[in-house]
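Following: one structure in structure tokens, then a few remarks.
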Amino acid sequence: MKFSLFLHMERLDQSQSYQQLHDEFVQLAKMADTGGMHAIWTGEHHGMDFTIAPNPFLNLVDLAHHTKNVRLGTGTIIAPFWHPIKLAGEAAMSDILTQGRLDLGIARGAYNFEYERLMPGMDAMEAGGRMRELVPAVQKLWQGDYVHDGKYSQFPATTSAPKPLQAGGVPMWIAARDPNSHNFAVENGCNVQVTPLWMGIAEIESLMQRFQDAKANHPKDKNGNDTNPKILLLQHTYVGKDEADLVEAAKCISRFYCYFGSWFKNERPIQQGQIQPLSEDEMAKMEMYAPEKMRENMPIGTPDQVIRKLKHYEQLGYDEFAFWIDSSMSFEQKRDSLRRFIDEVMPAFA
């Protein structure tokens with residue numbers, strides 16, 4: 001099982017400058033690269049200090065100048081916000097600028113907050129339909145002179161300019177949860193990204209079963225090629241130095257999910273990119289995000305405890321584990337946990 005780092009610029013309050021957050025983002029990415037991690041993933045979000053990433057291609061091209069070995073992936077592009085020609089061209093150019101290190105992860109999106117600002121009136125069902133139309137169109141644009149007559153966009157014969165550096169195009173990944181998304185990914189020759197979010201091993205095992213079922217359903221993709229997709233598991237992780245450190249980490253990740261849930265529900269006032277602060281009482285009522293649940297469901301623990309959970313994931317068949325470091329923690333907490341992960345956890349999988 002390979003290991004990667006998943007991160008955004010994450011602004012906790014207005015005392016943090018965007019330049020500071022960018023510098024810290026780069027420092028963590030450089031640690032992942034020099035520490036032997038396989039990839040760095042970053043997503044796309046708009047108008048939210050919670051996750052700052054208006055165009056992940058900019059971040060990844062920037063990181064290409066600070067790193068040497070890691071793959072650089074979008075985790076994920078929000079499909080309905082992109083026209084196929086624009087996405088094909090920008091991804092191809094990014095592949096050239098990263099010297100063939102790009103991976104392209106795509107999702108329908110998660111936040112209604114973003115939908116109502118960039119695509120007013122669109123719901124999750126339409127977003128999923130747009131993703132299913134976008135993916136094969138991008139693949140065909142990389143091949144060239146493709147005419148598209150879809151439900152959401154139409155255009156005459158067009159080719160991607162430029163073409164990707166990687167032979168056959170940039171590897172594509174689909175963020176999947178339900179069986180239809182797994183089947184779509186495999187049928188279209190894509191890899192799969194999954195996250196159980198705050199849920200535990202039952203969800204992790206179920207996600208793997210859905211992936212295995214999709215592979216069994218589609219031994220060949222729709223072009224007749226043998227399918228051999230990979231699956232990545234994204235999960236919050238923390239490697240602590242002692243029990244007090246782990247208690248604090250679980251509280252931080254619990255707080256992250258309380259805010260995640262609040263952004264998702266899209267009901268609280270938002271000012272200057274920040275959601276109205278949650279009180280301790282409000283967070284205590286969100287029992288599914290309780291700190292003890294975080295420790296139970298995620299690799300949060302001593303190096304040995306984290307290794308045991310990750311060994312289980314490896315045995316289930318996961319090809320890549322992405323250490324999700326956004327967590328409402330300080331940069332120092334993130335840095336030190338990542339260092340312990342690289343030095344004390346990863347060697348057990350060498």
For the range 297-331 the number of residues that are crowded, with 18+ Cβ neighbours inside 10 Å, out of contact with any Asp or Glu (no Cβ under 6 Å at 6 or more places or on another chain) and either part of a loop (DSSP other than H, G, I, E, B) or modelled with pLDDT under 95 (or both) is 8
Listed by first then second residue, the pairs whose first member lies in the range 23-50 and is within 15 Å of ALA64 (Cβ to Cβ), whose partner is among the charged types (D, E, K, R) and assigned to a loop (DSSP other than H, G, I, E, B), with beta carbons under 7 Å and at least 6 positions apart or on separate chains, are ASP33/LYS68
Note: among LEU87, LEU72, LEU97, just one is surrounded by 19 or more Cβ atoms within 10 Å (Cβ to Cβ), free of Cβ contacts under 8 Å to residues at least 40 places away in the same chain, of a type in the set (A, V, I, L, M, F, W, C) and closer than 21 Å to MET172 by Cβ, namely LEU72
The one condition ASP149 fails out of (1) of a type in the set (Asp, Glu); (2) more than 26 Å from TRP263 (Cβ to Cβ); (3) surrounded by fewer than 22 Cβ atoms within 10 Å (Cβ to Cβ); (4) within 23 Å of the chain's Cα centre (by Cα) is (4)
Among strands (runs of 3 or more DSSP E) entirely inside the range 73-176, those with 1 or more residues being among the aliphatic types (A, V, I, L, M) and farther than 18 Å from ASN223 by Cβ are 102-107, 154-158, 172-175
Only one of LYS241, LYS293, LYS334 is surrounded by fewer than 16 Cβ atoms within 10 Å (Cβ to Cβ) and either free of Cβ contacts under 8 Å to residues at least 12 places away in the same chain or not small (Gly, Ala, Ser) (or both), namely LYS241
If we keep only residues of the range 1-56 that are buried (at least 22 other Cβ atoms within 10 Å of the Cβ) and part of a loop (DSSP other than H, G, I, E, B), then the residue nearest to the chain's Cα centre (by Cα) is GLY43
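The values are calculated or read from the model by the stated rules, or taken from the named source; none is laboratory data. What you see is a predicted model; the values in this text were computed from it and never measured. With ideal geometry, Cβ positions are generated from the backbone for all residues, glycine too; neighbour counts draw on all protein chains shown.
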